[in-house]
Amino acid sequence: MLLTRLINVLGVILISIHFIAPSIYYVMAMRWLRSDYGLRRITELDVDPSFVSIIIPTYNEARVIIQKLNNIYSQDYPRNRFEVIIVDSGSTDETIELIHEWVKNHKDVNVQVIRESARMGKAHALNTALRYAKGDIIMITDADSIWMSDSLKNAVSWLMNDNVGAVSCNKVPRTDKDIETEYRGYYGLLRVAESKRFSSAIFHGELAAYKRELLEKIGGFPTDVGADDSHTAGLISMMGYRAIIPEDVRCIEYVPSKGYWSWRVRRAQHLIQHFSRILRYMIFNGRSIPREYRQIMLYESYLHLINPWLFAAGLALIVISALHGSLISMALLLVGLALLAIRFFRTWVVTQVILIVAAIRNLWNKELVWKKIEK
């Protein structure tokens, strides 16, 4: 009986820590959100603004590539001040043919097409493009995402500040899944809040822009970490530069209906890889990392790497206690089941399960080259 009570108490303690720790971080983030970025914003670009190299990695993008090229073409930015570099990793559909046809009708934009014979991962494609890029700013984007008409201009204007090394976008999800909508609402607030504090812990492949000189200092995009966009921004932040997500840089993200759960797990795998690597850097080089960024990354590393397991361990202990006849444990489980009717709680629990599954899957497959999921 005493052992059952101890198991139940320990389970409650672990579950309590699991919910209290992120609540504290959220309260802190909401305080940061009320401040500004602390940066001088250059709202008017010069007559000759920065030259931008826009990199699009592709693989069987026939359904979306024309939409993407038209989206870039319609940006409120001088067309002679950006180039488009497409790295195609062995597409077997009409992607290349469609690109060449589009280029014939849009001679006022410089578009280069580089063909790889096989898929070797997104970061490999980005580094290939980097060798051909001429821009002072390197901007990467997914073929199946859409920018707002001022996204390019606004991202470049933030990068004109000497303290800013990288810029990413606020994502507006297009989805019919309530869980994704709920998740993205809180997720987006945290990214902006962290940016106002110092740097966002996570970047987005829909639009991620970097100063070329800083990319070269860190050796280009990492090929052994799935979240190449976030990890690149993290390395730049550890050098003392800001990597921010401004509120006026927005992109539309299409969320898959078919294959949604494997898509979520793969993205979680990549973030776990990113935070695990950053955490090791902080342990061995912590003093050289800006204090504000260290604070953000310690919290986010904890939330992604440790907190889900407290939930799993606490729940397991309460279940064990209930199986041994503890009425309190049974009551707690019933309350938990009832709370699943609340969308926020249900979304949180699902996210924890995804992180646990992703961590386990990383043990044998890091998904650096993944199966394409149509959106």
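The values are calculated or read from the model by the stated rules, or taken from the named source; none is laboratory data. Since this is a predicted model, take the numbers as computed values, not measurements. Cβ sites come from the backbone with ideal geometry, for glycine too, and all protein chains shown count toward neighbours. These accessible areas exclude ligands, DNA and RNA; they are computed on the full protein's heavy atoms, side chains included. Shrake-Rupley method; radii C 1.70, N 1.55, O 1.52, S 1.80 Å.
Looking at region 247-261 only, could you name the residues that are at pLDDT 95 or above and part of a helix (DSSP H, G or I)?
None - no residue of region 247-261 is at pLDDT 95 or above and part of a helix (DSSP H, G or I), so the list stays empty.
Among the residues that make up region 342-362, is at least one of them under 30 Å from SER89 (Cβ atoms) and surrounded by fewer than 14 Cβ atoms within 10 Å (Cβ to Cβ)?
The answer is yes; a qualifying residue exists.
Mind listing whichever residues of region 179-206 are hydroxyl-bearing (Ser, Thr, Tyr) and open to solvent by 10 Å² or more (accessible area, probe 1.4 Å)?
Listed by number, the residues that qualify are THR181, TYR183, TYR186, TYR187.
Looking at region 353-372, which of its residues are within 20 Å of ILE20 (Cβ to Cβ) and touching a residue at least 60 places away in the same chain (Cβ under 8 Å)?
Answer for region 353-372, where residues must be within 20 Å of ILE20 (Cβ to Cβ) and touching a residue at least 60 places away in the same chain (Cβ under 8 Å): just LEU355.
Every residue in region 99-136 that is over 17 Å from LEU69 (Cβ atoms), open to solvent by less than 20 Å² (accessible area, probe 1.4 Å) and either of a type in the set (Val, Ile, Thr) or more than 27 Å from the chain's Cα centre (by Cα) (or both), please.
Residue satisfying the conditions is THR128 alone.
Just wondering, is there one or more residues in region 171-181 that are under 23 Å from LEU235 (Cα atoms) and either in contact with a strand residue (DSSP E or B) (Cβ under 8 Å, 6 or more places away or on another chain) or among the β-branched types (Val, Ile, Thr) (or both)?
Within region 171-181 (the criterion being under 23 Å from LEU235 (Cα atoms) and either in contact with a strand residue (DSSP E or B) (Cβ under 8 Å, 6 or more places away or on another chain) or among the β-branched types (Val, Ile, Thr) (or both)), the answer is yes, since at least one residue qualifies.
In this structure, does THR232 turn out to be in contact (Cβ under 8 Å) with a residue 12 or more places away in the chain, β-branched (Val, Ile, Thr) and open to solvent by 30 Å² or more (accessible area, probe 1.4 Å)?
no
Helices (runs of 4 or more DSSP H) wholly in region 73-166 with at least 1 residues that are within 30 Å of ASN365 (Cβ to Cβ) - which ones?
95-104, 122-132
Could you check ALA62 against (1) touching a strand residue (DSSP E or B) at 6+ places or on another chain (Cβ under 8 Å); (2) assigned to a loop (DSSP other than H, G, I, E, B); (3) of a type in the set (A, V, I, L, M, F, W, C); (4) free of Cβ contacts under 8 Å to residues at least 40 places away in the same chain and say which number it fails?
ALA62 satisfies all of (1) touching a strand residue (DSSP E or B) at 6+ places or on another chain (Cβ under 8 Å); (2) assigned to a loop (DSSP other than H, G, I, E, B); (3) of a type in the set (A, V, I, L, M, F, W, C); (4) free of Cβ contacts under 8 Å to residues at least 40 places away in the same chain except (1).
Given the conditions (1) in contact (Cβ under 8 Å) with a residue 60 or more places away in the chain; (2) in contact with a Ser or Thr (Cβ under 9 Å, 6 or more places away or on another chain), report the number of the one that ASP150 does not fulfil.
So ASP150 meets the others, but not (2).
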